[in-house]
1. I need a count of the residues in the stretch 45-58 that are within 15 Å of the chain's Cα centre (by Cα), at pLDDT below 95 and not acidic (Asp, Glu).
2. Given the conditions (1) touching an Asp or Glu at 6+ places or on another chain (Cβ under 9 Å); (2) assigned to a helix (DSSP H, G or I); (3) modelled with pLDDT under 95, report the number of the one that ARG29 does not fulfil.
3. When the stretch 42-65 is examined, which residues are found to be surrounded by fewer than 15 Cβ atoms within 10 Å (Cβ to Cβ) and among the hydroxyl-bearing types (Ser, Thr, Tyr)?
Amino acid sequence: MLEYEFDKVCSGGFFAYGLKGHQEIIRRRAAAGWRYAGYIPTEQTSHGAITELELVFEREQGGKT
């Protein structure tokens, strides 16, 4: 059975729509035995720009911590 965890990533600010920090999060999670499974947009502007999302990670239960 798989277990899942989530990490939130936010945009740089009001006018900066680029998301920052995602590569470091993915590398850190991979080193701990997690596999990147996808993302879920959790906030966006009225124009559709994603300002916050959650990265989804999965691993077999009982994996290394």
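The values are calculated or read from the model by the stated rules, or taken from the named source; none is laboratory data. This structure is a prediction, so every number in the text was calculated from the model and none was measured. Cβ sites come from the backbone with ideal geometry, for glycine too, and all protein chains shown count toward neighbours.
1. Residues meeting the conditions: 3.
2. All conditions are met except number (3).
3. THR42, THR45, SER46, THR65 - these are the residues of the stretch 42-65 that are surrounded by fewer than 15 Cβ atoms within 10 Å (Cβ to Cβ) and among the hydroxyl-bearing types (Ser, Thr, Tyr).
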